[in-house]
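Everything on this sheet refers to the single structure shown next.
The values are calculated or read from the model by the stated rules, or taken from the named source; none is laboratory data. For clarity, every value in this text was computed on a predicted model and none was experimentally measured. So basically every Cβ, Gly included, is an ideal-geometry build from the backbone, and we count neighbours across all protein chains shown.
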Amino acid sequence: MTQAQTILVTGGASGIGFAIVEAILAEGWRVIVSDFDEKNLERSRDALKGFGDRARFEQLNVADEAAVVACIARCNTEFGPLTGVVNSAGIGRDLPAFETTTDIFRRFLEVNLIGTFVVAREAAKAMAANGGGSIVNISSVSGVRGNGGRAAYGASKGGVILLTKVLAVEWAPEGIRVNGIAPGPIETPLVRDMHTQAAREEWTRTVPQKRYGTPDEIAGTAVFLLDSKKSSFVTGQTIAVDGGFTIAGMIPAGDRA
């Protein structure tokens, strides 16, 4: 077991975020579960009650800068010292570009990109004072490739990938590593809402492994990137956990689902 850590996970009460929370606790670390949805927070509190004081719960809107500043300062003082952050909070929607209003576009940027930045910035201030740490930003394969219906979502997630690189360069002298994960299609409540049956068939056809991934498969990569022993010389990278989607070219007809 690696040394104890205290990790904040935004969007940590459901889907990928909750799987990461469970994986963090399995390492023997402590975790701050933050989420915008109070009902999800209550469900996660019930599910994790066996971990006692190793889990703390915070209702948080990452698009509210003042709330983020206050939450991270409070958690670092009362529950920390903070050694890691996973930016998993995000929103998603399939919408053609012609139907994407500027208000919708701004909302995606506020939550997915600016929210990630503000949480990372405030966490990095605390971690710099604590001797360093690790930040993991959850992006998407839609931030790497031009998937239809993802003008706003893809732009926000592509921004997360470049933001990850810039912060990694700036904060390396502080002992802070910044990396990202770009999930492919993962079986989560958000994906179930976004993907029609036709979309699921298309994803399955174009993913070389011919399936959707699971939140646990993202969680394993997140724990690796948070671990200061296993990934100490890894920074500025975004790892695609996508069954081969981002590297696939033409798939031979006999291999199609």
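Just a few scattered comments:
- The combined condition, being surrounded by fewer than 21 Cβ atoms within 10 Å (Cβ to Cβ), outside any helix (DSSP H, G or I) and on the phi < 0 side of the Ramachandran plot, is fulfilled by residue 57.
- Residue that is basic (Lys, Arg), at pLDDT 95 or above and not in a strand (DSSP E or B), where the choices are 210, 230: 230
- Residue match in segment 210-225 (condition: charged (D, E, K, R), in contact with a Ser or Thr (Cβ under 6 Å, 6 or more places away or on another chain) and closer than 29 Å to residue 5 by Cβ): no
- The C-beta contact set for segment 210-227 (first residue closer than 15 Å to residue 84 by Cβ, second residue among the polar types (S, T, N, Q), distance under 7 angstrom, 6+ apart or interchain) comprises 224/231; 225/134; 225/179; 225/231; 226/5; 226/134; 227/2.
- Taken over segment 188-201, the residue count meeting the criterion of being surrounded by 15 or more Cβ atoms within 10 Å (Cβ to Cβ) and among the acidic types (Asp, Glu) is 0.
- Among residues that are in contact with a helix residue (DSSP H, G or I) (Cβ under 8 Å, 6 or more places away or on another chain), on the phi < 0 side of the Ramachandran plot and in a helix (DSSP H, G or I), residue 66 is not included.
Conditions (1) outside any loop (DSSP other than H, G, I, E, B); (2) over 19 Å from the mean Cα position of the chain (by Cα); (3) at pLDDT 95 or above, marked per residue:
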position	(1), (2), (3)
92	no, no, no
105	yes, yes, yes
110	yes, no, yes
120	yes, no, yes
128	yes, yes, yes
137	yes, no, yes
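- Among the candidates 97, 67, the residue that is within 24 Å of residue 156 (Cβ to Cβ), at pLDDT 95 or above and either touching a Lys or Arg at 6+ places or on another chain (Cβ under 7 Å) or exposed (fewer than 15 other Cβ atoms within 10 Å of the Cβ) (or both) is uniquely 97.
- On the stretch given as segment 120-149, residues that are of a type in the set (A, V, I, L, M, F, W, C), buried (at least 19 other Cβ atoms within 10 Å of the Cβ) and closer than 17 Å to residue 174 by Cα total 7.
- Subset of segment 39-54 (residues that are surrounded by 18 or more Cβ atoms within 10 Å (Cβ to Cβ) and part of a helix (DSSP H, G or I)): 40, 41, 44
- Flag for residue 85 being of a type in the set (A, V, I, L, M), part of a strand (DSSP E or B) and in contact with a helix residue (DSSP H, G or I) (Cβ under 9 Å, 6 or more places away or on another chain): yes
- Of all residues in segment 188-207, those satisfying the criterion of being of a type in the set (Val, Ile, Thr) and not in a loop (DSSP other than H, G, I, E, B) are 191, 204, 206.
- In summary, residue 102 fulfils each of the numbered conditions (1) surrounded by 14 or more Cβ atoms within 10 Å (Cβ to Cβ); (2) among the β-branched types (Val, Ile, Thr); (3) out of contact with any helix residue (DSSP H, G or I) (no Cβ under 9 Å at 6 or more places or on another chain) with the single exception of condition (1).
- If the condition is being in contact with a strand residue (DSSP E or B) (Cβ under 9 Å, 6 or more places away or on another chain), touching a residue at least 24 places away in the same chain (Cβ under 8 Å) and surrounded by fewer than 19 Cβ atoms within 10 Å (Cβ to Cβ), then segment 150-168 contributes 161, 165.
- Residues of segment 169-226 classified as within 14 Å of residue 240 (Cα to Cα) and charged (D, E, K, R), total: 1
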